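Structure first, then comments.
The values are calculated or read from the model by the stated rules, or taken from the named source; none is laboratory data. Predicted model, so just to flag it, every value in this text is computed and none were measured. Here the Cβ positions follow ideal geometry from the backbone for every residue, glycine too, while neighbour counts run over all protein chains shown. What goes into the accessible areas is simple: the full protein's heavy atoms, side chains included, and nothing from ligands, DNA or RNA. Shrake-Rupley method; radii C 1.70, N 1.55, O 1.52, S 1.80 Å.
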Amino acid sequence: MGNKFDFPIRKENLRIIFVGLAINILGYILMIGGGSDNPNEFHAEELFSTVRITVSPILIIAGFVVMIYGIMKKAKNDNPQE
């Protein structure tokens, strides 16, 4: 009856997952904006900026890659006898 529940994702893996989540959130924040209050105005330089079109999608994909790495990374054994 002394079985201890062993959670499959370790603290180290959770840190990596949260770093990936922070990168994703930053990417989505950089993608926000570009709209106009007046529907008759169109600001192409705001809407099609390099940050919004190139940098933020790269950050979002990098965030997902980091999170997948955090999920798949094998944790170091605390007890090598097991």
Output ordering of 68-74, 32-38 (per-residue mean of other Cβ within 10 Å, highest first) is 68-74, 32-38
The alpha-carbon pair-distance distribution computed for the chain, with 10 angstrom bins and whole-percent values, is 17, 29, 22, 15, 10, 5, 2, 0
Dividing the helical contributions, -39500 (n - 2.57) per DSSP H run of n ≥ 4, by the residues of the chain yields a 222 nm value, nearest 500 deg cm²/dmol, of -16500 deg cm²/dmol
On the accessible surface of the chain, probed at 1.4 Å with all protein chains in place, carbon and sulfur together account for a percent value of 66
Rounded to the nearest whole number, the Stokes-Einstein translational diffusion coefficient of region 19-58 at 10 °C and 1.306 mPa s (Kirkwood radius, C-alpha pairs) in µm²/s is 144
Probe 1.4 Å, heavy atoms of protein chains only: per residue, the accessible area of the chain in Å² is 84
With x for Gly and Pro, the residue-by-residue ³J(HN,Hα) of region 23-33, computed from phi through the Karplus equation 6.51 cos²θ - 1.76 cosθ + 1.60 at θ = phi - 60° and given in whole Hz, is 5, 4, 4, 4, x, 5, 5, 5, 7, 5, x
Under the Karplus relation with 6.51, -1.76 and 1.60 and θ = phi - 60°, whole-Hz ³J(HN,Hα) for region 39-45, x at Gly and Pro, equal x, 8, 9, 9, 10, 5, 5
In nanometres, the difference between 0.36 nm per residue of separation and the alpha-carbon distance of residue 10 and residue 74 is 22.1 nm
